[in-house]
1. If the only charges are +1 at each Lys and Arg Cβ and -1 at each Asp and Glu Cβ, what is the size of the charge dipole of the chain around the Cα centre, to the nearest 20 debye?
2. Quick one: in the chain, what % of C-alpha pairs are over 53 Å apart?
3. Listing Asp794, Asp630 from the residue with the fewest other Cβ atoms within 10 Å to the one with the most, what is the order?
4. Can you sort Ile821, Ile872, Ile596 by how many other beta carbons sit within 10 Å, fewest first?
5. Put +1 on the Cβ of every Lys and Arg and -1 on every Asp and Glu Cβ in segment 525-758; which of Gln539, Gly740, Leu529 then has its Cα farthest towards the positive end of the dipole?
6. Answer with one residue from Phe217, Tyr290, Ser426: the one whose Cα lies farthest towards the positive end of the charge dipole of the chain, charges on Cβ with Lys, Arg +1 and Asp, Glu -1.
7. Taking the Cα centroid of segment 729-797 and of segment 491-569, what is the distance between the two, rounded to the nearest whole Å?
8. What does the charge add up to near Cys193, with Lys and Arg as +1, Asp and Glu as -1, over the other residues with Cβ less than 13 Å from its Cβ?
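No value in this document is a laboratory result; all are computed from the given coordinates. Everything quoted here is computed from the prediction, not taken from an experiment. Note: ideal-geometry Cβ built from the backbone for every residue, glycine included; neighbour counts use all protein chains shown.
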Amino acid sequence: MTQPVPPAFAERHIGPGDAETARMLEVVGQPSLEALVDAAIPAGIHDPEALAIEAAPSEQAVIAELREIASHNTVVTSMIGLGYYGTHTPPVVKRNILENPAWYTAYTPYQPEISQGRLEALLNFQTVVSDLTGLEVANASMLDEGTAAAEAMTLMRRAAKAKDGAVLVLDEMLLPQTVGVIHTRARALGIECVTISLDDVDSADALSFAVDGKPVFGVIVQYPGKDGQVRDFRKVADAAHGLGALVTAAADLLGLTVLAEPASWGADVAVGSSQRFGVPMGFGGPHAGYMAVGQKLSRTMPGRLVGVSIDAEGKPAYRLALQTREQHIRREKATSNICTAQVLLAVMASMYAVWHGPVGLREIAVHAHSHAKALADALRAGGVDVTTTRFFDTITVSVPGKAREIAAKALEAGVNLCIVDDDTLSISTDETTVAEHVAAVCGAFGVDAPSEIPTVEPDFGDLARTSEYLTHPVFHAYRSETSMLRYLRRLADRDYALDRGMIPLGSCTMKLNATTEMEAITWPEFSALHPFAPSEQTQGIRDLAAQLSAWLVEITGYDEVSLQPNAGSQGELAGLMAIRGYHEANGDHERDVCLIPSSAHGTNAASAAMAGLKVVVVKSADDGSIDMDDLRAKIDKHGERLAAIMVTYPSTHGVYEDTITELCDLVHEAGGQVYVDGANMNALVGVARPGHFGGDASHLNLHKTFCIPHGGGGPGVGPVGVRRHLAPHLPNHPLAAEAGPESGVGPISAAPFGSASILPISWAYIRLMGGTGLTAATRMAVLNANYVAARLRDSYPVLYAGEGGLVAHECILDLRELTKISGVTVDDVAKRLVDYGFHAPTMSFPVAGTLMVEPTESEDAGELDRFCDAMIAIRAEIQDVIDGKVEVEKSVLRGAPHTAHCLAGDWDAEYDRMTAAYPAGVDPRAKYWPPVRRIDGAHGDRHLICSCPPPEAFEEE
Ligand SMILES: *Cc1c(COP(=O)(O)O)cnc(C)c1O
């Protein structure tokens, strides 16, 4: 039988050509790609049925199809508000960040020496959030406002040392999607939420009375409220503190330029969205959520925190701080399950603040307020009952029985309003609102439009902002486009992203993010939609989501897919919640144990804990596979309490284990469900389907397998696929019935379709590749990994292999013995790779002291050889240490990475400058120079600084 020919695009996506493939197959010792995959994959899981997905004829055809889909969306001026606002993305930011692979193809900054550009941008973001909220420490982004509020709930519970039965108080003016996400998470953890009006809460007694005397651990307020009203929460905060509870403000960042900062009236935590800082609404996402806390709470805050430390020369350098709080270290005891966050969007928001500065931001806020004020005045003059008395950008009007009719008239004039109920409308203004919009709304109400929109300073009385913000020079230095362009370029030049070379990070699948795939995300038909716009206006994006879901069903073998989770971690949580919902619907309330192999990704255990499950670890056997005897013992021990097992397939050891079928059978026989972590789907697409080999649920990472760029640490999309019996328990959404089943577990993300505006990327990838191309990609991913394993095996033992010595799509290089005899660590090798012009592989996951290499199908043989040659050369450098030619402390490995600056100064190293900077194989014309030397992380954790350091810190003595 002849093989179907992959589409032309597939040949661009896949690195090696025919001749290279033949040469690599020879090295691996396999006659063909098909034979390789047949040999590597256990027959029991190999799924020979071809993917029924047709490829488009060309990249141009895919763009034409996307244009057609986009034409079924209608862009209407949004005055809906509810946490999503019109904003102008500064073109200099759009082109040089959002559309620039130097920013969007970077990885999470775990290797700080090659990530100083995005770390600076994120530090700017943290400074913006910290300044505007008045709270000392802000993190580097949350997934959205709703999940940030839910994370604040658990943070407050931890920090307030909540007594048994303590409740969470919710302001009745919280955004509805925030309430939905909080309820989903609270139910899983058995936390009771009480929603009340806070207007009459003026003392601890009043607050206590409002919750029937129950203990309270936290209060979450919306500032300003969803109705637009600016409320004074001073007494509420005092009341909460009087009861030993903490207070979280869900606050509008733009509003905070003119409103008293939450810290000033007693908030302990602030959360929210930075969407309106230049990030398009995108039908709900992605945008960067934020969280800020006072110094006391900084060590219990979830998410990533960028901090300032020093490098080996004592110069200031940025790196991620306090990483030991995170899920990959603390697992089920972690502060949160967040892994992939919203880095690219946080970078955009930070640059919006850099571009506008404090004066510009305040002008934008005053612009929005002035338009809201003019509208309110005109409506009042026309006899309309405006119920909001003190507002920033949103007003609520009472129009008994007429809300829908007026909204329909406004829509005829091109404006969406927020229909609260039959009698009530809310209207929000923003940076993009102009006089014509105000006139259109007035017309819909049948009142006279204002003849002009005077600029009015908001009058918030004692809630007016009086303190300074964004005083750091970075928010004042780049007012001209020339200087801004150069600032962005300067930062990008400090970073190593896929546009420079391969990023062989095991488990992260850093593959090509093709330009055609990226094209549609900035089209207004996808980027300018409000997530709660009337469904007639969003047919196109919902059709695209449905088509993408159907393809993912075909690829995974599941029956239903929800696209709502906005990262893999959130897909895990959604899948586990579905499993819990299923057990509960069957009356199996006691099933609360989740088995997790010791080799699992840290998010697995953290998600299980968030889903209210008890984590029980299953041991690994010596060959890396799951210890089946231990599995049997754990199943016996927990019996009726077994809820689920979470396994990664192929395992995090990079091997297609043949025990998977038996494992699924054992768990099912015991009444448990099988959750297959789908992060390694790049080894399965087109060759095996988790829904067919025994999985009940899986998340996928569209930012790994399906080409959404990693963005420097986000955005991502983590769809969850399930078999039919779990489908009734998928996520849904309070404001969008079509986003999930009525019987669902509630929203997992704030927006009905999560990070909808980046779905066209994965849609385009699948459509460009078709089933044949996707399968070809998987095969090449397996060949590339086996080629690297074969070339490096003599230098570094490959820790695990399956049948015939083959690995799956990644391989683990074991450095432990070398470290023992030489003192050279995985860290030394990772940093030395920078001198050779590479990003390090994944370090010490899943096995400490090892490096995990995943080349993906997109790297060609030339780049693989360059990497292998570098690794072999480094092995020779290690040999010099073993042979006693150099001490490890004085070796080029320990000195790495080397900056240009360090070469120019005095030189007292025992190796020469040429060895340091231009080791064998480095092309002098293509040299990547790291901007800093090796960074001392522990120093920064001891002296926690999480906002921009003063410029003097960088001065040369
Ligand atoms: C990346 C990854 C996750 C988490 O996914 P995010 O999108 O980063 O939240 C979970 N499991 C494994 C094995 C992974 O590699």
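1. On the way: 74 positive and 121 negative charges, 227 e Å.
Value, rounded to 20: 1100 debye.
2. Working: 63044 of 457446 pairs.
The share of Cα pairs beyond 53 Å in the chain comes to 14 percent.
3. Working: Asp794 9, Asp630 17.
Listed from fewest to most nearby Cβ atoms, that is Asp794, Asp630.
4. On the way: Ile821 10, Ile872 16, Ile596 25.
The order, fewest Cβ neighbours first, is Ile821, Ile872, Ile596.
5. Result: Leu529.
6. Checking the options against the dipole of the chain, the answer is Phe217.
7. The two parts, judged by their Cα centres, are 8 Å apart.
8. Working: positive: Arg157, Arg185, Arg187, Lys214; negative: Asp171, Glu172, Glu192.
That works out to +1.
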